[in-house]
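J.: The structure's right below; bear with me while I get my questions together.
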Amino acid sequence: MHTKGSCCCCSFEDYKLTTEWLLNQTSHRPKVAVICGSGLGLLADGASNKQTFRYQDIPNFPVSTVAGHEGCLVFGTIEDTPCVFMQGLFHLYEGYSLCQVTFPVRIFKLMGVDSVLVTNASGGICPDFKVGDIMIIKDHVNLPGFAGQHPLCGPNDERFGIRFPCMSDAYSKDLRTLAWDVSVELGCRDVLREGVYCMVSGPNFETIAEARMLLILGCDSVGMSIVPEVTVAKHCGLRVLGLSLITNKVSLDYSREEKVNHEEVLEITQMRAEVLQRLVTALVHRCQQHPDNTH
Ligand code: HPA
């Protein structure tokens, strides 16, 4: 289990064992999973009847290196919709293999989840974006994947999905439309944007030359997570909605004095967490009523 290296190192039996362990420990049968980006664990606050498992207590689960309340799987319900929240995700820059990073997604699939909402923080590249905007992810650029750091490299297990999956519709159009509709109802439409997210491995923030390259490539924001999880989710037939909070403007100009730092990222995350929570809470429930939910 979870040897180092970029290929998947888990067998179907490893995933099954973890799934069965969880199903034996809880009577919750989640249909929607929420992957909470760093500092966004409180997205689970909108759920009731909660049951929490620490990652370290779940067989085969990677253990989070992040301090605080992150590193937990929280089962619950939102207006009768059974859901599960992943508080704290695993980053490539922490040294996890892509098999570890994406392990929970296949557990969600085997548990019966049909839709995944992913959230994270990213730096705004699109000049129109403001700090505090929430970008609905329309599409992504998998930069680590271009370099062979791809979660689907290695033998393909057809029980999860096909060898050559289509990624041109990784982010459900219906869920994106639903997110716009819900934002109008909640009165937060003015902070919503839509765009292309690019994943880099990190841990350094981009150089100005790199940022300029990403702008030319058509990327609207850049961050260090979620693309492996989304790729594995799409591979196994899950519907995906991605929401990325713009926590800083990426420097595209050598004369710009402001320097990005992690504290700023966390501060803006806290500032917008409440809006994101209201959005996610509404979306968890509403996406189950949505007509394209035919899984
Ligand atoms: N770059 C990469 N990752 C990030 C950024 C950024 O500017 N902001 C938040 N996560």
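None of the figures in this text is laboratory data; all of them are computed from the coordinates on show. Computed from a predicted structure; not experimentally measured. Positions of Cβ are generated from backbone atoms using ideal geometry, with glycine treated the same way; all protein chains shown enter the neighbour counts.
J.: Roughly how compact is the chain, stated as its Cα Rg over 2.2 N^0.38 Å to two decimals? Could you put the intermediate results ahead of the total?
T.: Details: Rg = 17.9 Å, N = 295, 2.2 N^0.38 = 19.1 Å.
Dividing the Cα Rg of the chain by 2.2 N^0.38 Å gives 0.94.
J.: Same structure, new question: What helices does the chain have that are whole DSSP H segments, at least 18 Å long along their own axis by Cα, and with mean Kyte-Doolittle hydropathy of 0.5 or more?
T.: For the chain, where a helix must reach 18 Å along its axis and average at least 0.5, the hits are 98-111.
J.: Follow-up. What is the Cα convex hull volume of segment 11-115 when expressed per residue in Å³?
T.: Expressed per residue, the convex hull around the Cα atoms of segment 11-115 is 92 Å³.
J.: Which three numbers, in whole Å and largest first, are the semi-axes of the equivalent ellipsoid of segment 53-122 derived from its Cα gyration tensor as √(5λ)?
T.: Semi-axis lengths for segment 53-122 are 20, 13, 13 Å.
J.: What stretch of the chain, leaving out the sites themselves, is the longest with no trypsin sites (Lys or Arg not before Pro) in a DSSP loop having at most 13 other Cβ atoms within 10 Å? Don't skip to the answer; put the middle values down first.
T.: Numbers: sites that count: Lys4, Lys130, Arg159, Arg163, Arg256, Lys259.
Of all site-free stretches, the longest is 5-129.
J.: Shifting gears a bit: Whole angstrom only: what separates the Cα centroid of segment 236-255 from the Cα centroid of segment 71-118?
T.: 19 Å
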